[in-house]
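The values are calculated or read from the model by the stated rules, or taken from the named source; none is laboratory data. These numbers were taken from a predicted model, which means no experiment stands behind them. Backbone-built Cβ (ideal geometry, glycine too); neighbour counts: all protein chains shown.
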Amino acid sequence: MHVVALSGSLRSGSSNARLLRAAAKMAGHGTRFTFYDRQIGALPHFVPDLDSEGSTAPPPVAELRQLLASADVVLVCCPEYAHGVPGSFKNALDWIVSSGELTDKPVALIMASASGAEQARAALVPTLKVMGANLVFDCSLVLVPGYFAEDGTISDQRAVDVVHEALAALAQEHARAKHAGRGLRSA
């Protein structure tokens, strides 16, 4: 199973990016992760004129679209900023609304920040649903830097349980889709 792991934070040392990397260590055999985090900062501001029919997407946008199209499933970890989704992450989603890479794609969402990110989760869930994402798991998690051990693993049991639940939901939906013959690949 190929997991594209999207972090909604551009911050160096982001807890969300660390959570995604810890999830990769927890994933079962045969699961391959591709991380997309700081690359979000290279995306241009979304301009509908650059995304109209017949236009060519800017190279960073084309790379994101290709990456998402290649994924069997998507794991998103995003913080809350000013009671909402960070602008750079929403910008990334705006670029893929019309191209449809998340349509029917199994997505697990973990909103993680010191505040718990509940307001950002409440804003992001409808956005993902209107994009056609198959949201198989979503939660808000209070996460602080002290939740990580020196080796990058998660030291907080609640966070470990949330990541296991998210990975299990993605694996279950991937297996269901594969069994139904929807043409999903397995890495």
Under 27 Å from residue 122 (Cβ atoms), modelled with pLDDT under 95, surrounded by fewer than 21 Cβ atoms within 10 Å (Cβ to Cβ) and not β-branched (Val, Ile, Thr): which single residue out of 28, 84 fits that description? 84
Exactly one of these conditions fails for residue 60: (1) more than 14 Å from the chain's Cα centre (by Cα); (2) not in a helix (DSSP H, G or I). Give me its number. (2)
Looking at this structure, is residue 93 at pLDDT 95 or above, closer than 15 Å to residue 170 by Cβ and part of a helix (DSSP H, G or I)? no
Can you pull out every residue in the range 35-52 that is polar (S, T, N, Q) and free of Cβ contacts under 8 Å to residues at least 24 places away in the same chain? 52
Can you tell me how many residues in the range 121-162 are more than 19 Å from the chain's Cα centre (by Cα) and farther than 16 Å from residue 21 by Cα? 2
Breaking point among (1) farther than 24 Å from residue 39 by Cα; (2) at pLDDT below 90; (3) not hydrophobic (A, V, I, L, M, F, W, C), for residue 119: (2)
Hits in the range 165-183 (condition: modelled with pLDDT of 95 or more and loosely packed, with under 14 Cβ neighbours inside 10 Å): 172
Quick test for you: out of 72, 51, pick the one residue that is within 24 Å of residue 107 (Cβ to Cβ) and out of contact with any Pro (no Cβ under 8 Å at 6 or more places or on another chain). 51
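Residues are listed down the side, and each one gets a yes or a no for (1) under 28 Å from residue 57 (Cα atoms); (2) touching a residue at least 40 places away in the same chain (Cβ under 8 Å):
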| position | (1), (2) |
| --- | --- |
| 98 | yes, yes |
| 103 | yes, no |
| 116 | no, no |
| 141 | no, no |
| 161 | no, no |
| 164 | no, yes |
| 169 | no, yes |
| 179 | no, no |
Count, please, the residues in the range 47-72 that happen to be hydrophobic (A, V, I, L, M, F, W, C) and either crowded, with 17+ Cβ neighbours inside 10 Å or touching a Cys at 6+ places or on another chain (Cβ under 9 Å) (or both). 6
Selection from the range 71-88 of residues that are assigned to a strand (DSSP E or B), more than 12 Å from residue 140 (Cβ to Cβ) and of a type in the set (A, V, I, L, M, F, W, C): 73, 74, 75, 76
How many of the residues making up the range 125-171 are of a type in the set (D, E, K, R) and part of a helix (DSSP H, G or I)? 4
